[in-house]
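Q: This structure is in structure tokens; I'll ask about it shortly.
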Amino acid sequence: MPHPRSLVSIPFLALLWCTSAPAAAQLAPTPRAAGFAGAYVALARGSEAADWNPANLALPGQPQWSVSFPNLGLTAAVGGPPLGELRTLLRDGLSDAERQAFLDLLPQTGLDFRGDIQVPWIGASVGRFAFGISSMALVDVRATWGMVDMYLEARQNGGLDPQRVDDYQVGSTGFRGAALTSAVVAYGHALPFLPIPASIGVGARAVVGHGLQHGRIYDPVLDPDAEEVRIAMLSMGGPTGYGFGFDVGVAARPLPGLTMGLAVENLIQSMTWRGRLELRGGHFTDTELAGMGPADFADRFEPRTYIPEIDPPEAAALAATMLDGAMRPRIVRLGAAYEIGGAALGVTLSQAGGSGRLHAGWPRYLAVGAEQNLFGFWRMRGGIASSLSGASAVALGSTFTMGTAQLTFSTIRARGDMASVPAGIGDRFDFPTRLTHTSGYAFVLGLDIRKAPPPPRPSRRPR
């Protein structure tokens with residue numbers, strides 16, 4: 001029988017190759033907010049207010065204008081063994097003890113890889129108006145315990161035992177992916193009839209969906225007639241979409257330095273996906289896999305129009321669940337902040353709801369962050385966040401001011417909730433829920449320029 005090692009090594013690597021997106025995950029869409037670990041709804045000013053709370057645009061202390069330039073946040077997020085142990089997956093000739101040691105570190109749910117990347121292309125504000133354009137890509141990959149065990153056996157022994165083909169179970173090994181670009185325009189309006197500074201805000205959001213992907217690797221089977229092992233590796237994609245959403249917010253300053261705010265992102269929204277479905281992959285025999293090189297494999301995964309009558313029956317399940325949850329969720333954020341001198345303290349509670357699952361953050365979190373101005377040109381900040389279900393994150397950040405320019409960077413260390421069982425790759429997109437089960441590191445860097453707010457007008461004394 002041909003060398004069966006490719007039966008596992010090629011499909012397992014194919015799973016990661018098909019995702020082909022940078023690994024990144026952020027708790028917050030901007031570098032400054034990331035340094036607060038997401039405790040930012042009452043602190044966002046200028047162009048950042050368009051994403052956090054549009055009502056902040058009408059509060060005192062706003063910059064006269066601001067512009068944020070493209071920035072990029074990168075993270076490696078993995079659910080399973082410590083990151084350093086993953087090198088075992090690339091080793092050949094493992095001993096029984098080395099293989100078992102890795103499997104002992106692997107939870108029964110297997111390996112989870114989360115890839116999120118958010119790129120705010122540009123943001124700007126002038127007075128009480130702000131807008132922003134950003135893109136987001138999401139990738140969710142899962143390899144079950146059985147898939148990893150089978151893969152390590154192939155690497156250890158140079159192949160699999162054809163007589164044990166029924167013992168090799170890959171379960172819900174698969175991936176999902178999506179790419180979106182959104183543009184938001186926001187406005188804040190002051191409420192002068194109230195005895196304290198207060199405001200309301202609205203935002204309008206347009207969303208373009210660049211594509212969706214859903215892929216699965218299925219359990220290997222033995223063809224008794226041809227005496228060959230077959231495995232199905234399929235990926236469905238192709239549709240593009242468009243949609244809209246409306247945001248609302250309120251903010252108030254009941255005491256000097258104390259800001260309170262409530263914002264709802266996507267209070268009303270809609271998302272429509274259209275276009276031909278494209279299928280990649282198909283059924284492979286161990287004979288084919290043994291002789292395939294990277295170029296041959298790439299050719300077999302060229303997209304083709306999905307035709308239900310002639311394509312593998314497994315593809316119908318992918319097509320049926322392709323659009324489930326394929327929209328952004330409604331997000332409610334409640335927060336407060338206290339600023340005095342060069343110090344600031346913020347707290348935010350965020351909750352995602354609705355049927356949408358295209359979201360690059362935890363579905364719920366509580367975050368607390370603080371900032372201190374040092375030497376006038378350097379600000380340090382840090383924060384902690386909890387998913388309220390076991391996951392946690394610690395963030396550190398810093399901003400250097402050079403005239404009107406501000407260079408900001410932040411780092412995040414997140415630890416997943418390994419006590420819970422993550423949802424499988426199945427009926428719907430489940431990015432936010434699965435993100436709480438992964439651990440990883442993030443680094444975010446950004447540059448913006450801001451014109452300081454005008455000095456407060458002196459109060460007039462009655463004569």
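The values are calculated or read from the model by the stated rules, or taken from the named source; none is laboratory data. Just so it is clear, the model here is predicted, and its values are computed rather than measured. Every residue, glycine as well, gets a Cβ built from its backbone with ideal geometry; the counts of neighbours run over all protein chains shown.
This table checks each residue for (1) without any contact (Cβ under 8 Å) to a residue 40 or more places away in the chain; (2) within 15 Å of ALA33 (Cβ to Cβ); (3) touching a Cys at 6+ places or on another chain (Cβ under 8 Å).
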| site | (1), (2), (3) |
| --- | --- |
| PRO329 | no, no, no |
| ARG333 | no, yes, no |
| ILE340 | no, no, no |
| ARG364 | yes, no, no |
| GLY376 | yes, no, no |
| ILE384 | no, yes, no |
| GLY390 | no, no, no |
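Q: Could you list, ordered by first residue, the pairs with Cβ atoms under 6 Å in which the first is in the range 417-444 and more than 27 Å from GLY382 (Cβ to Cβ) and modelled with pLDDT of 75 or more and the second is in a helix (DSSP H, G or I) and of a type in the set (D, E, K, R), at least 6 apart or interchain?
A: Filtered contacts from the range 417-444: no entries.
Q: Any residue at all in the range 176-193 that is without any contact (Cβ under 8 Å) to a residue 40 or more places away in the chain, surrounded by fewer than 16 Cβ atoms within 10 Å (Cβ to Cβ), of a type in the set (A, V, I, L, M, F, W, C) and out of contact with any Ser or Thr (no Cβ under 7 Å at 6 or more places or on another chain)?
A: Taking every residue of the range 176-193 in turn, at least one turns out to be without any contact (Cβ under 8 Å) to a residue 40 or more places away in the chain, surrounded by fewer than 16 Cβ atoms within 10 Å (Cβ to Cβ), of a type in the set (A, V, I, L, M, F, W, C) and out of contact with any Ser or Thr (no Cβ under 7 Å at 6 or more places or on another chain).
Conditions tested, residue by residue: (1) in contact (Cβ under 8 Å) with a residue 60 or more places away in the chain; (2) assigned to a strand (DSSP E or B); (3) in contact with a Cys (Cβ under 9 Å, 6 or more places away or on another chain); (4) of a type in the set (Ser, Thr, Tyr).
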position: ALA50; (1), (2), (3), (4): yes, no, no, no
position: LEU57; (1), (2), (3), (4): yes, no, no, no
position: SER66; (1), (2), (3), (4): yes, yes, no, yes
position: PRO81; (1), (2), (3), (4): no, no, no, no
position: LEU94; (1), (2), (3), (4): yes, no, no, no
position: GLU98; (1), (2), (3), (4): no, no, no, no
position: VAL119; (1), (2), (3), (4): no, yes, no, no
position: GLY132; (1), (2), (3), (4): yes, yes, no, no
position: MET136; (1), (2), (3), (4): yes, yes, no, no
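Q: Quick one: in the range 119-140, which of the residues that are among the hydrophobic types (A, V, I, L, M, F, W, C) and under 17 Å from HIS359 (Cβ atoms) is nearest to the chain's Cα centre (by Cα)?
A: Applying the filter and picking the extreme gives LEU138.
Q: In the list ALA344, ALA370, ALA360, ALA405, which residue meets the criterion of being of a type in the set (A, V, I, L, M, F, W, C) and within 19 Å of the chain's Cα centre (by Cα)?
A: Exactly one residue qualifies, and that residue is ALA360.
Q: With the structure loaded, tell me whether GLY203 is in contact with a Ser or Thr (Cβ under 9 Å, 6 or more places away or on another chain) and part of a strand (DSSP E or B) or whether it fails that test.
A: So GLY203 does not fit the description; no.
Q: Within the range 392-415, is even one residue under 30 Å from ALA179 (Cα atoms), part of a loop (DSSP other than H, G, I, E, B) and in contact (Cβ under 8 Å) with a residue 24 or more places away in the chain?
A: No.
Q: Take ASP116 and tell me if it is under 21 Å from the mean Cα position of the chain (by Cα), more than 30 Å from LEU57 (Cα to Cα) and surrounded by 20 or more Cβ atoms within 10 Å (Cβ to Cβ). Reasoning before the result, please.
A: Details: under 21 Å from the mean Cα position of the chain (by Cα): yes; more than 30 Å from LEU57 (Cα to Cα): no; surrounded by 20 or more Cβ atoms within 10 Å (Cβ to Cβ): yes.
Criteria not met by ASP116.
Q: Oh, and also: Can you tell me how many residues within the range 274-299 are at pLDDT below 80 and surrounded by fewer than 15 Cβ atoms within 10 Å (Cβ to Cβ)?
A: Result for the range 274-299: 6.
Q: Only one of these conditions is not met by THR259: (1) buried (at least 18 other Cβ atoms within 10 Å of the Cβ); (2) within 29 Å of MET136 (Cα to Cα); (3) in contact with a Lys or Arg (Cβ under 8 Å, 6 or more places away or on another chain). Which number is it?
A: (2)
Q: Any idea which residue in the range 199-209 is farthest from PHE284 (Cα to Cα), counting only those that are under 23 Å from the mean Cα position of the chain (by Cα) and in contact (Cβ under 8 Å) with a residue 60 or more places away in the chain?
A: GLY203
Q: Still on this model: Out of all the residues in the range 326-334, is one or more surrounded by 17 or more Cβ atoms within 10 Å (Cβ to Cβ), more than 30 Å from GLU278 (Cα to Cα) and of a type in the set (Lys, Arg)?
A: Taking every residue of the range 326-334 in turn, at least one turns out to be surrounded by 17 or more Cβ atoms within 10 Å (Cβ to Cβ), more than 30 Å from GLU278 (Cα to Cα) and of a type in the set (Lys, Arg).
Q: Going by the conditions given, is ALA298 outside any strand (DSSP E or B), touching a residue at least 60 places away in the same chain (Cβ under 8 Å), more than 30 Å from GLU339 (Cβ to Cβ) and among the small types (Gly, Ala, Ser)?
A: Values: outside any strand (DSSP E or B): yes; touching a residue at least 60 places away in the same chain (Cβ under 8 Å): no; more than 30 Å from GLU339 (Cβ to Cβ): yes; among the small types (Gly, Ala, Ser): yes.
Spelling it out, it is not the case that ALA298 is outside any strand (DSSP E or B), touching a residue at least 60 places away in the same chain (Cβ under 8 Å), more than 30 Å from GLU339 (Cβ to Cβ) and among the small types (Gly, Ala, Ser).
Q: Only one of (1) surrounded by fewer than 16 Cβ atoms within 10 Å (Cβ to Cβ); (2) at pLDDT 75 or above is not met by GLY93, so which one is it?
A: Result: GLY93 passes all but (2).
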